[in-house]
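What follows is a short report on a single structure.
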Amino acid sequence: MPNGAQALMRTLADAGIEVCFTNPGTSEMHFVAALDDEPRLRAVLALFEGVATGAADGYARMADKPAATLLHLGCGLGNGLANLHYARKGKVPILNIVGDHATYHMPLDAQLQSDIETVARNVSPGFVRTSMRTGDLCRDAVDAIAAARGLPGQVATLILPADVSWGEGGVPCAPPLPLQPPAADAAVVASIAELLRKGGRTALLLGGRALREPALLAAARIAAQCGAKLFAEVFPTRLERGAGLPPIERIAYLAELAGVQLAGFEHLVLVDAKPPVSFFAYPGKPSELVPAGCAVHTLCTPAQDAAASLDALARALGADAVQPSLQPASRPGRPRGRLTAEKVCKAVGHLLPQNAIVVDEAITSGLMLPMMTAGCPRHDLITLTGGAIGQGLPSAIGAAIACPDRPVIALIGDGTAMYTIQALWTMAREKLDVTAVIFNNASYSVLNVELERVGAERIGSKARSQLDIDGPRLDFARLAQGMGVHAVHAETAEEFCRAFEYALTHPGPHLIDARVPESLSGAKRRALPWLLRALPRMPAPLARALKKKLAP
């Protein structure tokens with residue numbers, strides 16, 4: 001009879017779990033040994049737990065099913081929490097396996113003992129379970145997989161004590177049955193259809209799975225029929241975009257600009273999304289971004305089928321045969337001269353290959369990326385759902401493993417790259433087709449912007465030094481080379497284009513250290529808070545034009 005780990009391995013593979021991203025320790029050694037017993041399960045080593053959890057997130061976004069992680073005790077889980085936070089916010093399915101001490105060792109309060117369940121509930125509010133018996137382990141795993149796969153997707157944490165893993169008597173279990181999520185209630189569809197028929201300024205805010213092609217097409221037909229505006233949430237989990245797909249405007253990160261986008265609407269219909277709120281609180285500014293007088297309606301929640309709900313609404317409106325507005329094919333020209341963040345975005349738009357996966361963690365350096373890539377060949381966009389940093393490089397690992405036949409382009413800020421720089425080693429070890437572009441502006445640029453926006457007074461040299469990473473300046477090309485990744489510097493647009501073309505035509509991974517100035521600096525950064533404060537007093541056409549200039 002197999003031990004617990006061996007039975008668990010078979011159960012995971014039978015349930016369709018194909019990849020486990022690992023950073024194991026002593027308590028997980030029987031799980032590690034059992035990996036050799038299951039050829040259907042690929043094991044991918046990460047040198048930091050945040051890389052493992054972020055890779056599992058990126059994998060699930062593109063594979064539409066969970067990967068597993070293997071983390072070492074509460075400390076390892078703590079190291080991986082940030083990227084599990086992004087998965088929770090993005091409603092991404094992950095089977096998060098955390099090793100623990102043997103059950104009889106737990107009361108001894110050994111040096112590595114911690115309350116793993118309490119830590120895990122921060123990122124797994126819907127499912128945390130410690131499997132206390134070998135005979136129950138596989139059933140617990142099936143319950144965790146079912147929880148992760150359901151809508152909305154979630155991080156399901158299964159805690160695996162060492163003796164449960166090594167104990168004899170493991171019993172493999174059949175995989176969970178697939179569940180068909182319901183569409184929106186017919187009465188809800190009818191009421192929103194009636195609302196749209198009445199006219200008035202109405203917008204649909206799409207999130208989650210509503211940003212995939214079938215749902216986007218249905219939403220675009222509704223918009224064409226009724227004159228409604230389509231918005232996407234500010235940081236989509238996964239957005240399908242490009243030539244031939246419906247264009248959709250993302251809500252702006254800066255609350256003042258989001259206010260310009262939403263101003264004047266009488267109704268906001270949520271489709272697998274929540275009402276937009278400001279990322280942070282600011283003195284004297286509202287946290288809720290829905291304008292006064294705008295009624296909020298919900299077509300479907302994240303627990304419902306967004307595409308089916310939009311199809312039902314389109315049929316109710318007689319819009320199911322309407323021709324939707326589609327993005328025409330277009331590309332920006334090839335940039336030249338001294339390299340800037342905008343020219344990097346322009347080069348990406350000029351050269352982006354068909355069916356690419358773009359991971360955007362460029363922060364301020366990527367302000368022009370949506371505009372420069374709007375008409376490119378169709379591609380998927382992965383963004384920073386949790387709002388912090390450190391997700392991009394690990395997400396690129398997971399996306400490349402989920403879709404080995406598709407090129408992955410990771411656009412990363414220099415500050416965020418250092419949070420999970422170990423991801424480069426895993427890319428090299430696994431020979432992944434990833435091109436990482438690091439916007440090396442030697443600054444936490446977004447925090448310099450926020451320092452101005454929050455109205456902090458007496459900003460001196462000590463404060464500024466906390467947001468400056470220019471001493472010493474990071475050399476990402478050398479860091480990448482030290483981890484086995486082909487890497488070059490680029491200081492001109494010509495150098496960047498040559499390096500990007502080389503990366504796209506040679507097996508990866510590759511890294512381009514793009515030496516660029518800050519996108520928002522000097523007078524532009526000092527003027528930004530004043531402009532943002534002035535937006536509510538501007539005529540609406542002027543405010544919209546300014547918004548488009550600052551964040552197209």
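Here are the numbers:
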read-out: Of Lys65/Lys343; Lys65/Lys229; Lys346/Lys548; Lys524/Lys549; Lys343/Lys524, those spanning more than 24 Å from alpha-carbon to alpha-carbon; value: Lys65/Lys343; Lys65/Lys229
read-out: Tilt relative to the chain, helix 540-550 - C-alpha long axis, 0 to 90 degrees, to 10; value: 50 degrees
read-out: The range 183-308, dipole about Cα centre (Lys/Arg Cβ +1, Asp/Glu Cβ -1), debye to the nearest 20; value: 180 debye
read-out: The range 472-489 - phi-based ³J(HN,Hα) in whole Hz, Karplus 6.51/-1.76/1.60, Gly and Pro as x; value: x, 6, 6, 10, 6, 5, 5, 4, 5, 4, x, 10, x, 9, 5, 8, 9, 8
read-out: Note, ³J(HN,Hα) from phi for the range 405-412, Karplus 6.51, -1.76, 1.60, rounded to Hz, x at Gly and Pro; value: 9, 10, x, 10, 10, 10, 9, 10
read-out: Helix-derived mean residue ellipticity, 222 nm - over the chain, DSSP H n ≥ 4, -39500 (n - 2.57), to 500; value: -11500 deg cm²/dmol
read-out: Calculated SAXS-style log₁₀ I(q)/I(0) at q = 0.06, 0.07, 0.09 Å⁻¹ - the chain, Debye, Cα scatterers; value: -0.31, -0.42, -0.70
read-out: Selected from Ile17, Tyr104, Leu71, residue furthest toward positive end of dipole (the range 4-166; charges at beta carbon); value: Ile17
read-out: Under-5 Å amide H pairs with Thr298, H placed in peptide plane, nonlocal only; value: Leu270
read-out: Three-way shape call for the range 257-378 based on the alpha-carbon gyration tensor, with the a/c threshold at 1.5; value: oblate
read-out: Karplus-derived HN-Hα couplings along the range 332-348 (A = 6.51, B = -1.76, C = 1.60, θ = phi - 60°), whole Hz, x at Gly and Pro; value: x, x, 6, x, 9, x, 4, 6, 10, 4, 5, 5, 4, 4, 5, 5, 4
read-out: Given charges at Cβ of Lys, Arg, Asp, Glu: the chain dipole, positive-most of Phe500, Ala252, Gly153; value: Ala252
read-out: Dipole magnitude (debye, nearest 20) for the chain, charges at Cβ of Lys, Arg, Asp, Glu; value: 2420 debye
read-out: Prolate/oblate/rounded label for the range 4-166 (Cα gyration tensor, a/c 1.5); value: rounded
read-out: Charge dipole magnitude, Cβ of K and R +1, D and E -1 - the range 341-520, Cα centre, debye nearest 20; value: 120 debye
read-out: Coil-residue trypsin sites (Lys or Arg not before Pro) of the range 292-354, DSSP, other Cβ within 10 Å capped at 14; value: Arg336
read-out: Unpartnered cysteines - no second Cys beta carbon under 4.7 Å - across the chain; value: Cys20, Cys75, Cys226, Cys294, Cys300, Cys345, Cys376, Cys403, Cys497
read-out: Relative contact order (%) - the range 164-268, alpha-carbon pairs under 8 angstrom, separation at least six; value: 27 percent
read-out: Farthest positive-ward along the chain dipole, Cα basis, beta-carbon charges - from Leu532, Ile397, Ala314; value: Leu532
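Throughout, read-outs are computed from the coordinates displayed, never taken from laboratory work. These numbers come from a predicted model, not from an experiment. All Cβ positions, glycine included, derive from the backbone under ideal geometry; neighbour counts span all protein chains shown.
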